[in-house]
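To keep things clear, I will list the structure first and then write my remarks on it.
The values are calculated or read from the model by the stated rules, or taken from the named source; none is laboratory data. None of these values were measured; they are calculated from a predicted model. Positions of Cβ are backbone-derived with ideal geometry, glycine not excepted, and every protein chain shown enters the neighbour counts. Heads up: the accessible areas ignore ligands, DNA and RNA and are worked out on the full protein's heavy atoms, side chains in. Shrake-Rupley method; radii C 1.70, N 1.55, O 1.52, S 1.80 Å.
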Amino acid sequence: MTSQLVNEVKTFFLDTFKVKPLLVFSPGRINIIGEHTDYNEGFVFPAAVNKGIVAAVQKTKNKTTNIFALDLESSIDVDITNIQPAKKGSWENYVLGIVAEIKKRGKKVENFNLVFKGNIPSGAGISSSAAIENAVVFALNELFNFNFTKEEMILISQKAEHNYVGVNCGIMDQYSSMFGIEDHALLLDCRTITSKAYKIDFKSYQFILVNTNVKHSLSDSAYNERRATCEAVSKLLSVKALRDVTIDQLESVKNKIHKENYEKALYVIKEIERTKQACLAIEDNDLGTLGNLLFKSHEGLSKRYKVSCNELDFLVEFAKANPYVLGARMMGGGFGGCTINLIAKDEVKNFTKKVSKAYLEVFGKSCSVYNIKLSQGTHLIE
Ligand code: GLA
């Protein structure tokens, strides 16, 4: 699958620019648990997957930079030495935002040619955005010998998203896409930005994703609003982030904040705790506990944090009714995208059939089921 993608991007580049490109693969990610906790400096538990973006890049002597987004059959021609954000919601911002951030760090970016294409469905909560950002910053770092560390590169990616894309995202997506390890998930402390790798091998169980095919748009103010709410509650409590708040402390200001905001902060505090518990459950090989934590996470995301939607809630309820599914929850920013399901390997086929039929009946549209493999982070190809 990926090698086909690599060939396609490489061939297109060669045909178009008549010169051999430098090739980079940058993966999307799943998140086992720890949702909307990253910008609260809490814990998350993501992993890079075997779906991602392939980017081909090379220097040019031309006065402009040619960028091709092959998936969208769209391209632009810009003078990279003089850029500004493109229209809100357009793909160009993922690339231009990276260039702008690199320049802010005092580096000179000369014109180049870039072609990229991916096999991550966009808006599915599998982080196609971070995959593009990391692919571009990694490729340019190689091409122009900027000598950025991976730690610096993920901050460049994150800032591109804040300043050009307009989403005040946390660091989970960029981190897991860059630092992913094959067959492992990363318990990431979003305050210190350091992680501990956990081997994920559940023998007769595995994760699958079910995509509602409802496209979320994180740029929608809802994501930024959630973040602002969390920051306002932290400020009221005179702490740096919700990571530092206990449930008792939150109770002490309960009558000073709106009920909805209290519920949101409570969700975050509990989710940070659940994430740590999930790792302990994996250490103990206790998949029943892990599964329950996933269900509880979803309940919090749906009822307290209010970032779910009918389709996601339906998929989680449907999973709950199946004894071979130990846990399920929405994944990523929310309002659409995928659920992640912890399911018996033997049941995958049957569940896929049943959930597809039921979803179609209820919503009059199809869901998609993905098998994923936990994979290596952003890297050079060849
Ligand atoms: C998006 C953001 C991440 C994180 C998740 C929710 O994927 O990019 O930083 O906040 O939503 O957990």
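A few remarks follow.
- Residue that is open to solvent by 50 Å² or more (accessible area, probe 1.4 Å), assigned to a strand (DSSP E or B), more than 13 Å from the ligand (Cβ to nearest atom) and under 30 Å from residue 28 (Cβ atoms), where the choices are 203, 196: 196
- Residue check, residue 225 farther than 18 Å from residue 191 by Cβ, outside the structural domain of residue 122 (by TED's automatic domain parsing) and either free of Cβ contacts under 8 Å to residues at least 24 places away in the same chain or open to solvent by 30 Å² or more (accessible area, probe 1.4 Å) (or both): yes
- Which numbered condition residue 39 fails, given (1) under 30 Å from residue 299 (Cα atoms); (2) touching a Phe, Trp or Tyr at 6+ places or on another chain (Cβ under 8 Å): (2)
- Within segment 348-365, being touching a strand residue (DSSP E or B) at 6+ places or on another chain (Cβ under 9 Å) and either buried (at least 19 other Cβ atoms within 10 Å of the Cβ) or not in a helix (DSSP H, G or I) (or both) holds for 351, 355, 359.
- Counting the residues of segment 314-344 that are surrounded by fewer than 21 Cβ atoms within 10 Å (Cβ to Cβ) and either closer than 11 Å to residue 210 by Cβ or under 20 Å from the mean Cα position of the chain (by Cα) (or both) gives 1.
- Taken together, 210, 165 contain a single residue that is in contact (Cβ under 8 Å) with a residue 24 or more places away in the chain and either over 25 Å from residue 86 (Cβ atoms) or open to solvent by 50 Å² or more (accessible area, probe 1.4 Å) (or both), which is 210.
- For segment 20-50, the set of residues classified as of a type in the set (D, E, K, R) and within 15 Å of the ligand (Cβ to nearest atom) consists of 29, 35, 38, 41, listed by residue number.
- Considering only residues in segment 71-97 that are assigned to a loop (DSSP other than H, G, I, E, B) and open to solvent by less than 50 Å² (accessible area, probe 1.4 Å), the one that is nearest to residue 119 (Cα to Cα) turns out to be 91.
- Residue check: residue 292 meets all listed conditions (1) closer than 15 Å to residue 328 by Cα; (2) in contact with a helix residue (DSSP H, G or I) (Cβ under 8 Å, 6 or more places away or on another chain) but one, namely (2).
- Odd one out for residue 287 among (1) in contact (Cβ under 8 Å) with a residue 60 or more places away in the chain; (2) away from the ligand (no atom under 16 Å from the Cβ); (3) more than 16 Å from residue 45 (Cα to Cα): (3)
- Residues that are in contact with an Asp or Glu (Cβ under 6 Å, 6 or more places away or on another chain) and surrounded by fewer than 24 Cβ atoms within 10 Å (Cβ to Cβ), drawn from segment 24-70: 64, 66
- Considering 236, 187, the condition of being over 15 Å from residue 331 (Cβ atoms), surrounded by 19 or more Cβ atoms within 10 Å (Cβ to Cβ) and more than 14 Å from the ligand (Cβ to nearest atom) is satisfied by 187 alone.
- Residue 215 satisfies every condition listed in (1) out of contact with any strand residue (DSSP E or B) (no Cβ under 7 Å at 6 or more places or on another chain); (2) at positive phi; (3) surrounded by fewer than 16 Cβ atoms within 10 Å (Cβ to Cβ) except (2).
- No other residue among 314, 318, 295 is part of a helix (DSSP H, G or I) and touching a Lys or Arg at 6+ places or on another chain (Cβ under 7 Å) apart from 295.
Yes/no per residue for (1) over 21 Å from residue 184 (Cα atoms); (2) outside the structural domain of residue 39 (by TED's automatic domain parsing); (3) not β-branched (Val, Ile, Thr):
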{"residue": "249", "(1), (2), (3)": "yes, yes, yes"}
{"residue": "261", "(1), (2), (3)": "yes, yes, yes"}
{"residue": "264", "(1), (2), (3)": "yes, yes, yes"}
{"residue": "268", "(1), (2), (3)": "yes, yes, no"}
{"residue": "272", "(1), (2), (3)": "no, yes, no"}
{"residue": "307", "(1), (2), (3)": "yes, yes, no"}
{"residue": "310", "(1), (2), (3)": "yes, yes, yes"}
{"residue": "317", "(1), (2), (3)": "yes, yes, yes"}
{"residue": "334", "(1), (2), (3)": "yes, yes, yes"}
